[in-house]
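Take a look at the structure set out below.
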């Protein structure tokens with residue numbers, strides 16, 4: 001059913017975005033990820049996860065606070081529904097760390113072949 005909030009001009013794009021990704025470039029690997037959402041605690045956790053110095057954490061927090069004051073952009077000639085930035089996970093990385101390509105599972109290598 002068409003969404004009345006989406007102009008006909010953008011309906012095809014929205015329909016494509018809602019479809020399942022069928023290109024086949026998905027490899028299930030174990031990941032370490034943050035829950036969706038963004039606040040100062042997430043910024044601190046990200047900086048800690050990356051083992052960054054305090055000045056970098058402070059810089060990230062200042063940037064986050066500045067971002068909170070910024071208006072959402074309005075794109076010319078596009079009618080895009082607001083993006084729910086609290087629905088995004090801001091950190092995800094493979095749990096396994098490999099010292100060389102010889103240690104990487106073949107299934108993962110095949111993804112990039």
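Using label points projected 7 Å from each Cα along Cα→Cβ, tell me how many nm separate residue 88 and residue 54, to one decimal.
So the two model labels end up 3.0 nm from each other.
Which of 38, 78, 46 moves most in a GNM of the chain, Cα contacts under 10 Å?
Per the Cα network of the chain with a 10 Å cutoff, 78 tops the list.
Given a 10 angstrom Cα cut-off, can you work out which residue in 64, 98, 90 is the most mobile in a GNM of the chain?
Result for the chain, Cα springs under 10 Å: 98 fluctuates most.
What percentage of all Cα-Cα pairs in the chain are separated by more than 17 Å?
For the chain, the share of Cα pairs beyond 17 Å comes to 73 percent.
Which of 47, 89, 100 ends up with the largest GNM mean-square fluctuation for the chain, with Cα atoms connected below 10 Å?
Maximum among the listed residues: 100.
Rounded to the nearest 500 deg cm²/dmol, what is the calculated helix-only ellipticity per residue at 222 nm for the chain, with -39500 (n - 2.57) per DSSP H run of length n ≥ 4?
Per the formula, -11000 deg cm²/dmol.
Suppose the Debye formula is applied to equal point scatterers at every Cα of segment 51-113; what is log10 I(q)/I(0) at q = 0.15 Å⁻¹?
At q = 0.15 Å⁻¹ the computed log10 ratios are -0.84.
We did not get these values from a lab; they are worked out from the coordinates using the rules stated. The shown structure was predicted, so the numbers you read here are calculated from the model rather than taken from an experiment. All Cβ positions, glycine included, derive from the backbone under ideal geometry; neighbour counts span all protein chains shown.
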